[in-house]
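Following: one structure in structure tokens, then a few remarks.
Throughout, read-outs are computed from the coordinates displayed, never taken from laboratory work. These numbers come from a predicted model, not from an experiment. When we count neighbours, we look across all protein chains shown, and the Cβ atoms used for this are built from the backbone with ideal geometry, even at glycine.
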Amino acid sequence: MDPIASIQPKKDTTLAFMLEAQSRGWQIAQMTLNDLYLNNGQAEGYLRYLLLTNDSEHWFEIEREVYEPLHTLDIILMRKDPPFDMEYVMATYVLERAEYQGVLVVNKPRSLRDVNEKVFTSWFPQCCAPALLTRSKNAVKKFLESHQKIVVKPTDKMGGQSVFIIEKGDPNTNVILEEVTHFESKFIQVQAYIPEIEQGGDKRILLIDGSPVQQGVARIPSGGDHRGNLVAGAHAKGFELSERDRWICSEIGPVLKEKGLLFVGIDIIGDYLTEINVTSPTGVREIDALFDISVSSMFFDTLFKLLDGRNR
């Protein structure tokens, strides 16, 4: 994960998972990318074993620090936030060796590399609004001509960073596209604008081993901002999954399960799937508070069953 001292404890899903593990009597160790090693083919790490609390002023203490092979662990949760860059990819190689040496790594390292959070929606076009992956300015302009209003976003960021809405005739179109594509040197994801974002917000649904949690959280954009991201100022509203939501989950869930993507957060606007978040999906704290449930408990029940099955 990112350094534990830097998180926002009241909102942090990773901390919620750690507290759940601790409540079950599990030992919890934390690592950053700096603490991962491949030593003659063996995955190793510098582990900080922690004592956690649900105190937003003092949420962890380091009990001991050790350097040891990662195969001494039962489970590794990969919860490092994007950007998804080559450093992230290198970390997945270390974790893949740990997986080879017997550790249950969640989410599966190879699938973290294969499944881009913005682009993988294209594997399910039946669930999505019209979309385009390109680095061509002219291709985006042609798409804009067809759809009148579009959303453009980079493929490697999170939390609404560098997401733009462009309407036909916007005099800033060229400069926005130059900025987001780095002068046509980087691919971007382009989607037709879905007006339901303004009222219904950006709905986050969590899937555990391919099956959806039946309650979700909608991120409603604040006045003057189009982004449905809590870190960008959106406010949270709970909802029960609709028939359409469950259908989308049924379309993608089996693929996620097959790929070893055990904890995934999908984003839906209106009737359309817009993102499949696999690196460090959030929303657990908000859903728990809105519905008085424990998503972490559901997740760890699944992890325990998987671990128990591997040990038999």
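Please give the charge dipole size of the chain, origin at the Cα centre, charges +1 on K and R Cβ atoms and -1 on D and E Cβ atoms. Round to the nearest 20 debye.
660 debye
Could you tell me the center-to-center distance, by alpha carbons, between the stretch 1-62 and the stretch 71-112 in angstrom?
Taking the Cα centre of each part, the stretch 1-62 and the stretch 71-112 sit 15 Å apart.
Take every Cα-Cα distance within the chain, group them into 20 Å bins from 0 onward, and report for each bin the whole-number percent of pairs it holds.
31, 57, 12, 0
Roughly how tilted is helix 86-100, in degrees to the nearest 10 and between 0 and 90, from the longest Cα axis of the chain?
Long axis of 86-100 versus the principal axis of the chain: about 40 degrees.
How big is the Rg/Rh ratio for the stretch 1-155, C-alpha atoms only, Rh by Kirkwood, two decimals?
Rg/Rh: 1.08.
Express in % the proportion of alpha carbon pairs of the stretch 156-312 at distances exceeding 21 Å.
Every Cα pair in the stretch 156-312 considered, those over 21 Å come to 52 percent.
If amide hydrogens are placed 1.01 Å from N in the peptide plane, which non-local residues have theirs closer than 5 Å to the one on Ala129?
Answer set, sorted by chain and number: Leu273.
Just the number, please: percent antiparallel of the DSSP beta bridges in the chain, rounded to the nearest 5.
95 percent
If you plug each phi of the stretch 20-26 into the Karplus form 6.51 cos²θ - 1.76 cosθ + 1.60 with θ = phi - 60°, what whole-Hz ³J(HN,Hα) values come out, in order, with x for Gly and Pro?
Taking θ as phi minus 60°, the curve returns 5, 4, 4, 5, 8, x, 7 Hz for the stretch 20-26.
Connecting C-alpha atoms closer than 10 Å in a GNM of the chain, tell me which of Gly169, Gly200, Gly102 has the biggest fluctuation.
Gly169
Which order do peptides 266-278, 131-143 fall in by mean Cβ count within 10 Å, highest first?
266-278, 131-143
Using C-alpha positions alone, give me the convex hull volume of the stretch 1-78 per residue in cubic angstrom.
Spread over its residues, the Cα hull of the stretch 1-78 gives 88 Å³ apiece.
Which one, Val106, Pro69, Ala131, is farthest towards the positive end of the dipole of the stretch 37-196 when Lys and Arg carry +1 and Asp and Glu -1 on their Cβ?
Of Val106, Pro69, Ala131, it is Ala131.
Can you give me the Kirkwood hydrodynamic radius for the stretch 254-312, using every pair of distinct Cα atoms, in Å to one decimal?
Averaging 1/r across every pair of different Cα atoms and inverting gives 13.3 Å.
Please give the length that would be gained between Glu251 and Asn172 if that part of the chain were fully extended, namely 0.36 nm times their separation in residues minus their C-alpha to C-alpha distance (nm, one decimal).
Stretched out fully, the Glu251 to Asn172 stretch lengthens by 24.7 nm.
May I have the extent of the alpha carbons of the stretch 77-204 along their three principal axes, as whole Å values ordered from largest to smallest?
56, 33, 23
Given +1 on the Cβ of Lys and Arg, -1 on the Cβ of Asp and Glu, and no further charges, what dipole in debye does the stretch 64-191 carry about its Cα centre, rounded to the nearest 20?
380 debye
Only helical DSSP H runs with n ≥ 4 go in: add -39500 (n - 2.57) per run for the chain, normalise by residue count and round the 222 nm mean residue ellipticity to 500 deg cm²/dmol.
Rounded to the nearest 500, it is -9000 deg cm²/dmol.
Can you give me the distance in nm between label points at His182 and Asp2, each placed 7 Å from the Cα along the Cα-to-Cβ direction?
Using points 7 Å along Cα→Cβ, the separation is 2.0 nm.
Name the residues whose placed amide hydrogens come within less than 5 Å of the amide hydrogen of Asn277, ignoring near sequence neighbours (fewer than 5 apart) on the same chain.
Here the answer is Gly265, Ile266, Asp267, since their amide H atoms fall under 5 Å of that of Asn277.
Among Pro9, Ser23, Leu52, whose Cα sits farthest toward the positive end of the charge dipole of the stretch 1-102 (+1 at Cβ of Lys/Arg, -1 at Cβ of Asp/Glu, about the Cα centre)?
Projecting each Cα onto the dipole axis, the largest value belongs to Ser23.
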